[in-house]
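Worksheet: one structure, shown below.
We did not get these values from a lab; they are worked out from the coordinates using the rules stated. As the structure is a prediction and not an experimental result, all values here were calculated from the model. Cβ: placed from backbone, ideal geometry, glycine included. Neighbour counts: every protein chain shown.
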Amino acid sequence: MERIVLSLLVDNTSGVLSRVAGLFSRRGYNIESLTVGVTADERYSRMTVVSIGDQEILDQIEKQLRKLEDVRDIKELKPGSSVFRELILVKVRANSGQRQAVSAIADIFRATIVDVGKDSLTVMLTGDQSKLDALINLLEDYEILELARTGLTGLSRGSGDIRVLP
């Protein structure tokens, strides 16, 4: 199984997310990760879609996405020529005696403590998936109360493949 990361430039209108997700659902394709946000031009949103499959399925996904009326541009984001990031928030049970140890783990990863409760700490980290997984692995020695990941988002490096839409 191979993995593909696609960056879609889509119209910023209602129902676009539903149509893209519906395409995957109707054809039995899996979405491993999906992030969406408005671009500098408010008429468009950027979707980063991560999917897994054999090469035939991945080619078919891209072809089917290109047929959608709302999709203006598609780029495959390849590991060597793209920048990928993900955000994670992890709430860990930590009493006053454990806070320093959790904080030290956060410091190793250059993570930020964004909330302190009476018996918990919330850690925020941005990075690639392996960095986030490593943080989770170390925090498993404490009780993880809640965890939220944004999913992968990315852009191609440089300005050589920028497409300006009218």
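Numbers at a glance
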read-out: Local electrostatic count at Arg110 - Lys and Arg +1, Asp and Glu -1, tallied over other residues with Cβ under 14 Å; value: 0
read-out: Under-5 Å amide H pairs with Ser120, H placed in peptide plane, nonlocal only; value: Ala94
read-out: Sequence-distant residues sharing a close amide H with Asn12 (under 5 Å, placed H); value: Tyr44, Ser45
read-out: Exposure proxy order (Cβ contacts within 10 Å, fewest to most) of Ser156, Ser51, Ser14; value: Ser14, Ser156, Ser51
read-out: Helix axis angle, 99-108 relative to the chain longest principal axis, alpha carbon, degrees; value: 40 degrees
read-out: Potential extension, Asp11-Val83 segment - 0.36 nm per residue separation minus Cα distance; value: 23.6 nm
read-out: Using alpha-carbon coordinates, inclination of helix 16-27 to the longest axis of the chain, degrees; value: 80 degrees
read-out: For the chain, calculated [θ]222 nm from helices alone, where every DSSP H run of n ≥ 4 adds -39500 (n - 2.57); value: -8500 deg cm²/dmol
read-out: Normalised contact order of the chain, rounded percent, pairs of Cα under 8 Å and 6 or more residues apart; value: 26 percent
read-out: Label of the coordinate-derived value, mean projected area of the Cα convex hull in nm², listed as (i) 8.4; (ii) 11.7; (iii) 10.9; value: (ii)
read-out: Isotropic mean projected area of the C-alpha convex hull, segment 83-153 (nm²); value: 4.2 nm²
read-out: Lysine pairs in the chain with Cα atoms under 23 Å, if 8 or more residues apart or on separate chains; value: 7
